[in-house]
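The values are calculated or read from the model by the stated rules, or taken from the named source; none is laboratory data. Just so it is clear, the structure is predicted and the values come from calculations on it, not from any experiment. Here the Cβ positions follow ideal geometry from the backbone for every residue, glycine too, while neighbour counts run over all protein chains shown. The protein model used for the area step is the full one, side chains on, heavy atoms only, and it has no ligands, DNA or RNA in it. Shrake-Rupley method; radii C 1.70, N 1.55, O 1.52, S 1.80 Å.
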Amino acid sequence: QVQLVESGGGLVQAGGSLRLSCAASGRISSLKDMGWYRQAPGKQRELVAAITSGGSANYADSVKGRFTISRDNAKNTVYLQMNSLKPEDTAVYYCKAELVVAGLTVGMDWWGKGALVTVSS
């Protein structure tokens, strides 16, 4: 029905960069807020960055100035550019989107399956 598929994870050295992408597909009539969360081993899932349909963004304090979230509404895709990566950024990164499925009127949250980002020291 609806799928969120992340791509772009991998292994990078500290100080390096990665770019994550998340494409939403399926019977979507409206795509609202989108965001990236991450979960490190033994820790709770936390918000990394979020962006509204109008392009307003907010970030976790730990990534401000290093990560940039953006979206392409024509492609139903959200991106996360990650620069100056640190070992503590190592986690599974999940995409979340609030969207309205075609034929319905209420928005719901959908999650991707996650992309592993590993930063070596």
Original post:
When you go through Arg71, Arg45, Arg66 one by one, which is the residue that is out of contact with any Ser or Thr (no Cβ under 6 Å at 6 or more places or on another chain), within 17 Å of Gly9 (Cβ to Cβ) and charged (D, E, K, R)?
Top reply: Arg45
Original post:
What is the number of the single condition among (1) free of Cβ contacts under 8 Å to residues at least 40 places away in the same chain; (2) within 19 Å of Ser30 (Cβ to Cβ); (3) open to solvent by less than 60 Å² (accessible area, probe 1.4 Å) that Thr105 does not meet?
Top reply: (3)
Original post:
What are the residue pairs meeting all of these: first residue in region 35-47, first residue aliphatic (A, V, I, L, M), second residue open to solvent by 60 Å² or more (accessible area, probe 1.4 Å), Cβ atoms under 8 Å, and 6 or more apart or on different chains?
Top reply: Ala40/Glu88
**OP:** Output the number of residues of region 76-90 satisfying the condition of being at negative phi and within 15 Å of the chain's Cα centre (by Cα).
**Re:** 9
Original post:
What number of residues within region 89-105 satisfy the criterion of being farther than 15 Å from Gln1 by Cβ and modelled with pLDDT of 95 or more?
Top reply: 9
**OP:** Output the number of residues of region 3-37 satisfying the condition of being charged (D, E, K, R), over 18 Å from Thr105 (Cα atoms) and open to solvent by 40 Å² or more (accessible area, probe 1.4 Å).
**Re:** 1
**OP:** Note down all Cβ pairs under 7 Å where the first residue falls in region 7-29 and is within 17 Å of Asn73 (Cα to Cα) and β-branched (Val, Ile, Thr), the second is open to solvent by 40 Å² or more (accessible area, probe 1.4 Å) and in a strand (DSSP E or B), and they're at least six residues apart or on different chains.
**Re:** none
Original post:
Residues Val78, Val100: which one is among the β-branched types (Val, Ile, Thr), buried (at least 19 other Cβ atoms within 10 Å of the Cβ), touching a Ser or Thr at 6+ places or on another chain (Cβ under 9 Å) and in contact (Cβ under 8 Å) with a residue 24 or more places away in the chain?
Top reply: Val78
Subject >> Extreme residue, farthest from Glu88 (Cα to Cα), among residues of region 38-50 that are surrounded by fewer than 21 Cβ atoms within 10 Å (Cβ to Cβ) and in contact with a strand residue (DSSP E or B) (Cβ under 7 Å, 6 or more places away or on another chain) >> reply: Ala50
Original post:
Mind checking which pairs have a first residue in region 53-69 that is free of Cβ contacts under 8 Å to residues at least 40 places away in the same chain and a second that is open to solvent by 60 Å² or more (accessible area, probe 1.4 Å) and assigned to a loop (DSSP other than H, G, I, E, B), Cβ under 8 Å, 6 or more apart or different chains?
Top reply: Ser53/Asn73; Arg66/Ser84
